[in-house]
Amino acid sequence: MSTLAVAKPVEADPIQVRRRDLPLSCPLPDAPVWNMHPRIYLPIEDEPDHESVCPYCGARYRLVD
């Protein structure tokens, strides 16, 4: 009998961004590993809940103002 270990993703708090930070790109320009994946722009201000998730790395962002 074998058992498989399944990794469970850790839910991190969303990264808070402000309107002055728009347009929102991931990774953020000041991120320690700013070149970890291609830069993409997330239209967070158009989302009904003002939250967006990066399709590459899963980073969650929330617009707070």
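The values are calculated or read from the model by the stated rules, or taken from the named source; none is laboratory data. All values derive from a computational prediction rather than experimental measurement. Glycine gets a Cβ as well: all are built from the backbone with ideal geometry, and neighbour counts include every protein chain shown. We work out accessible area using only protein heavy atoms, side chains counted, and drop any ligands, DNA or RNA first. Shrake-Rupley method; radii C 1.70, N 1.55, O 1.52, S 1.80 Å.
If you go through segment 39-65 and keep only what is in contact with a Cys (Cβ under 8 Å, 6 or more places away or on another chain) and outside any strand (DSSP E or B), you end up with Arg39, Cys54, Tyr56, Cys57, Ala59.
Of the residues screened, Ala5 is not one that is at pLDDT below 95, in a loop (DSSP other than H, G, I, E, B) and open to solvent by less than 100 Å² (accessible area, probe 1.4 Å).
Among the residues of segment 10-61 satisfying the criterion of being touching a helix residue (DSSP H, G or I) at 6+ places or on another chain (Cβ under 9 Å) and aliphatic (A, V, I, L, M), which is modelled with the lowest pLDDT? Among them, the one singled out is Leu28.
Taking the criterion of being under 14 Å from Gly58 (Cα atoms) and surrounded by 10 or more Cβ atoms within 10 Å (Cβ to Cβ), the residues of segment 8-38 that qualify are Pro14, Ile15, Ser25, Cys26, Pro27, Leu28, Met36, His37.
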